[in-house]
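J.: Below is the structure I would like to discuss, written out as structure tokens.
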Amino acid sequence: MFVKRFLTAALLACLCACSGASDVTHPVLGDTRLAGAPARVSATRMMATASVVSNTPIVTFSNGNVLTADQLNTMQQGLVPASAGASTNQSLTTPTITNGTVTGTDESAGVAKATSGTTSRSHALHYSDATNVMDFGSVASPATDNTTAFQAAITAACAKVVASSNGTAYPSTSSTGAGDVYIPQGRYGVVGPINWTCPIHLRGAGPGNTTLVWTGTGTGTLLNLASTLTDSSRYWYDGAVHDLSIVNGGAQTGAAIRISQCNGCDVYRINTYGMYRSVVNYAGSAISIHDFNFRQMHEQATNGVATGAEAFSTGIELYGSDNNGGTGCTQTDLGNCTTRSDIVDVFDGHIDSALDGTHEASDCLYVHDFVATVWATKLTCNQTRKGLNVRCDSSIGINSCPQFLYLARFENESNNTAGTGTNINLDLDNFAHFACYDCELYQSQVGNNLAIFNSTRFYSGDVEWYGGKVQNTKGACIVSYIDGFKMHGGLIMGCGQSGSTDDEWGIQLSGGSTGNTISTNNSVDNVQFCHDNLGNTTTTMHAVYIGSSTTYSSVSNSNLHNCAGGSSNQNSSGNNQIINELGP
């Protein structure tokens with residue numbers, strides 16, 4: 001014992017002798033003096049091998065005091081064994097450090113430099129590079145309404161970009177604000193609406209990983225992409241929503257996503273379930289909707305509601321307005337109309353409808369009024385009431401009705417589960433031009449027709465149809481009341497299943513009661529009727545019916561193998577011709 005005390009005292013004496021001070025400072029004992037030692041041992045040197053367990057002195061000395069052996073032992077208790085300056089399994093409070101883990105402290109003011117970076121930044125700035133809804137109180141739970149947290153994140157994201165712009169928009173037609181808002185994986189309850197107060201991009205961790213559960217009731221919108229208009233109050237620019245799912249978890253009958261007067265908005269990698277409307281776009285330009293899966297669209301609320309009314313269900317709705325011919329929207333000055341919808345691109349998507357056996361199924365794609373250009377490619381619509389529904393109920397003239405509609409690799413299986421016969425795969429009325437490349441149309445429960453082209457308000461039309469397959473319906477498969485119906489190639493069968501001789505046609509060309517009262521300039525060539533090359537035949541149908549009000553129309557080079565009969569011309573003085581039919 002004496003040796004141990006002697007060595008301890010000697011150690012301290014040695015430390016004192018090596019120091020240029022007169023007092024000893026110990027982390028436990030405080031300010032002390034060794035008898036006869038003129039030097040001070042600094043706290044810094046002592047703590048090189050010590051961990052502070054208390055800052056309250058256990059023993060207090062004045063100048064001239066002599067340390068006893070017990071006091072030296074007490075000092076040793078305040079030391080922590082160390083090796084090469086390192087100590088393990090120690091504890092420290094404020095902040096709390098337990099076995100190397102720090103808790104209970106705000107480290108946002110700390111700095112760090114990214115690998116290969118050149119500038120150190122605070123942790124707070126690093127965390128702010130992406131705006132995360134969790135930093136604004138969001139809770140990943142369907143039972144929590146995250147509307148306020150999501151909106152706060154959007155506001156913060158907008159403010160960051162505004163601050164970086166110094167009040168100047170780049171380009172000058174755009175907004176000074178923008179932003180990127182991230183929703184991590186999880187299930188989030190949301191009542192909505194969530195408003196785009198600037199052109200933000202809202203993104204999740206991927207469909208199925210990030211899911212918004214739309215709770216509550218109402219007819220409103222969940223994600224409302226309608227920022228402040230710039231560019232002479234014509235557009236706002238470049239918003240987006242992507243990589244998430246939206247589920248109707250309540251009784252919402254409105255739109256999951258609505259875009260208003262945007263130029264360059266993008267909706268992609270979005271899955272929805274149980275919606276009345278998944279995406280609605282009003283006006284704007286250069287809109288993209290792609291890589292989506294809208295599952296189990298809600299059945300129609302009421303059978304027989306007039307098509308075009310806002311109460312019915314559809315996967316995607318695209319529309320614009322001519323404002324009843326207001327300023328900039330007259331029939332001779334439509335290029336300046338700020339509420340025209342133009343250049344909407346829909347591709348790589350799937351839409352299907354729920355079926356309850358009572359209500360009519362949802363529609364797939366609904367285009368109406370002032371929509372200048374729509375491209376829809378590689379789109380499948382399954383068990384819907386209508387595949388493409390085109391109308392112009394509100395515009396004042398044909399020039400502000402749907403103008404150019406283009407389908408390619410469009411596949412639609414319509415369903416007549418409600419028995420109303422309104423399931424028409426392509427139902428177009430009052431439009432300027434329609435093109436269909438390799439369209440595949442089929443009715444799993446047959447309705448009245450597969451495709452109808454009409455002109456109930458204005459003189460309108462022009463259809464170009466290339467290839468594809470049309471099959472299964474009660475009446476004529478394709479009925480055209482317009483000018484300029486042209487079909488080149490393709491296969492038509494399974495038409496006229498009602499058994500009536502009036503319905504037994506693959507294609508029926510007739511003038512309408514309004515609009516185009518005389519149908520003219522039609523042509524059908526190189527079409528195969530009644531046989532699908534897989535051994536299936538329709539022996540009760542005929543090819544093409546040219547009605548008494550149809551003129552300057554031709555049918556040529558058709559294959560009628562296994563048909564009941566060929567084409568028929570009911571207007572011999574109308575400059576129509578039927579040539580080179582093979583069969584039946």
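Just so you know, all these numbers are worked out from the coordinates, no wet-lab data involved. Computed from a prediction, not measured in an experiment: that's the story for all the values here. Cβ sites come from the backbone with ideal geometry, for glycine too, and all protein chains shown count toward neighbours.
J.: Mind checking which lysines have their C-alpha under 30 Å from Lys386, skipping anything on the same chain fewer than 8 residues away?
T.: Lys378, Lys469, Lys474, Lys486
J.: For the stretch 229-235, just list the computed ³J(HN,Hα) in residue order, Karplus coefficients 6.51, -1.76 and 1.60, θ = phi - 60°, integers in Hz, with x standing in for Gly and Pro.
T.: Result, ordered by residue: 6, 10, 6, 6, 6, 9, 9 Hz.
J.: Of the peptides 473-484, 243-254, 159-170, 533-544, how do they stack up when ordered by the mean number of other Cβ atoms within 10 Å, highest first? The partial results should precede the final answer.
T.: Values: 473-484: 26.0, 243-254: 20.1, 159-170: 12.3, 533-544: 16.9.
The densest-packed peptide leads the list: 473-484, 243-254, 533-544, 159-170.
J.: At q = 0.13, 0.20, 0.22 Å⁻¹, work out log10 I(q)/I(0) for the stretch 462-584 with the Debye formula, treating every Cα as an identical point scatterer and leaving solvent out; two decimals please.
T.: -0.44, -1.06, -1.27
J.: Further question on the same structure: Check Ile578: other-chain or 5+ apart residues with amide H under 5 Å from its amide H, H built from backbone geometry?
T.: Val555
J.: Using alpha carbons only, how many angstrom separate the centre of the stretch 459-483 from the centre of the stretch 514-560?
T.: Spelled out, the Cα-based centre of one part sits 9 Å from the other.
J.: Could you name the lysines in cross-link range of Lys113, using Cα to Cα under 25 Å and dropping any fewer than eight places away on the same chain?
T.: Cross-link targets: Lys160.
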